[in-house]
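Structure first, commentary second.
The values are calculated or read from the model by the stated rules, or taken from the named source; none is laboratory data. For clarity, every value in this text was computed on a predicted model and none was experimentally measured. Please note: Cβ atoms are built from the backbone with ideal geometry, for glycine as well, and neighbour counts cover all protein chains shown. Ligands, DNA and RNA are excluded from the accessible area calculation, which covers all protein heavy atoms including side chains. Shrake-Rupley method; radii C 1.70, N 1.55, O 1.52, S 1.80 Å.
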Amino acid sequence: MKKYLHKILILILISCATVAQGQSKEAKLQVWQDSLAGLGRAMFSRLSEPERMQKNFTFVKTLVSALKENNSYQFAFPKLKMISILNSPDQNFRIFSWNLPLDDGSYLYYGAIQFASSNGELELIPLLDKTFEIKDPSKAMVKADNWYGAQYYDIRKLGANAYVLLGWKGHHADYTQKVIDIVELQGPKQVVFGKNVFTDDRTLSRKIFKYTRQASMYLLFNPKANRYEFDHLVPADPKLEGNFKYYGPDLSYDAYYLDKGSLRFVSDVEVSNATRGDEDSFLAPNRREIKKESGF
């Protein structure tokens, strides 16, 4: 009986030690999160552009330090509302992305992909925004160090190792963008963005929508119909074709269906209760006060 009680006591002590260790890790990540939240708010404050960029630089370093904590993958960072954190549907990885507004109305993008590791240690791929070096972004297939930056708000599985991303891409003082991109895992710490899966144009590796900053665009996945639904964008006048600051929705809709590893295009679909206006959720607080003449 004494031996039995002794074994029970040992098991209880081990269990308590494990719980305490887990709480200690959680507490550490909570401290990291509080630091990141303060830096994130400063990035989108009324500080000067160089000061905001410095805060962002510190944010990146602090985030990497936080993710180095064992089993950080399980921590959701719920206070970091200023950035996007999306988990892949199969829980193989999660992708961080955010924007840094500049005074001329353009944006820089930052991101990283964190993989779920068996030993709890950090497996991270930084994403380096090279938007202005990519000659033909709608057709380019790029790696993590040559990323067509965006702030992602949705992720779905497309194939065995491929995923569809929806992203917002504030880009220019006169017009903004949304994008349907594909990320494919091609080996340990090897990812490629862009894939020829669009049936309406097999040369496309990503679909980029450009429209005036005075409008908003509907682009969401409808799980009931198994399709991506989006506004059909047109210029305000046919003579303005190609001048995207005059493009906006014409109240008709198109769609891409998820279909055996492809995105099958269908035009003029019926959409119920299309909700627009989510662009504001990607803009920095006080963005309008930073430089009013640049757009919003």
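Here are some notes:
- Helix-only arithmetic for the chain: the sum of -39500 (n - 2.57) across DSSP H runs with n ≥ 4, divided by the residue total, places the mean residue ellipticity at 222 nm at -7500 deg cm²/dmol.
- Alpha-carbon centroids, region 88-166 and region 45-83: separation in whole Å: 16 Å
- Placing +1 on each Lys and Arg Cβ and -1 on each Asp and Glu Cβ, with no other charges, gives the chain a dipole about its Cα centre of roughly 1200 debye.
- Cβ-based net charge around Ile85, under 13 Å, with every Lys or Arg adding one and every Asp or Glu removing one: +2
- Acute angle (nearest 10 degrees) that the helix 49-67 long axis makes with the longest principal axis of the chain, alpha-carbon atoms: 40 degrees
- Label point of Val266 set 7 angstrom out along Cα-Cβ; within region 190-205, amide nitrogens under 18 Å from it belong to 198-201.
- Förster-model FRET efficiency, 45 Å R0, Asp259 and Glu51, C-beta, rounded to 0.05: 0.40
- The GluC sites (Glu not before Pro) of region 153-248 that meet both conditions, a loop assignment by DSSP and at most 11 other Cβ atoms within 10 Å of the site Cβ, are Glu241.
- Mean sequence separation of contacting Cα pairs (under 8 Å, at least six apart), scaled by the length of region 83-140, corresponds to a relative contact order of 23 percent.
- The modelled label-to-label distance between Glu121 and Glu26, using points 7 Å beyond Cα along the C-beta direction, is 2.6 nm.
- With every protein chain in place, the chain: carbon and sulfur % of accessible area (1.4 Å): 53 percent
- Once Rg and the Kirkwood radius are both taken over the C-alpha atoms of region 111-211, their ratio Rg/Rh works out to 0.98.
- Gyration tensor (alpha-carbon) shape descriptor, region 141-296, a/c threshold 1.5: oblate
- Accessible surface computed residue by residue for the chain, with neighbouring protein chains in place and a 1.4 Å probe, gives 52 Å² per residue.
- Heavy atoms of Trp32 accessible to a 1.4 Å probe, total area in Å² rounded to 10: 80 Å²
- For Phe93, the amide hydrogen comes within under 5 Å of the amide hydrogens of Ser88, Ala116, counting only partners 5 or more places away or on other chains and with H modelled in the peptide plane.
- Correct option for volume of the Cα convex hull per residue in Å³ [calculated from the coordinates] among (1) 185; (2) 163; (3) 148: (2)
- The trypsin sites (Lys or Arg not before Pro) of region 202-273 that DSSP puts in a loop, and whose beta carbon has at most 14 other beta carbons within 10 Å, are Arg202, Lys224, Lys260.
- About its Cα centre, region 21-112 has a charge dipole of approximately 240 debye under the convention of +1 per Lys or Arg Cβ and -1 per Asp or Glu Cβ, with nothing else charged.
- Angle in degrees between helix 2-43 and the longest Cα principal axis of the chain, rounded to the nearest 10: 30 degrees
- When only Cα pairs below 8 angstrom with a gap of at least 6 residues are kept, the chain shows a relative contact order of 13 percent.
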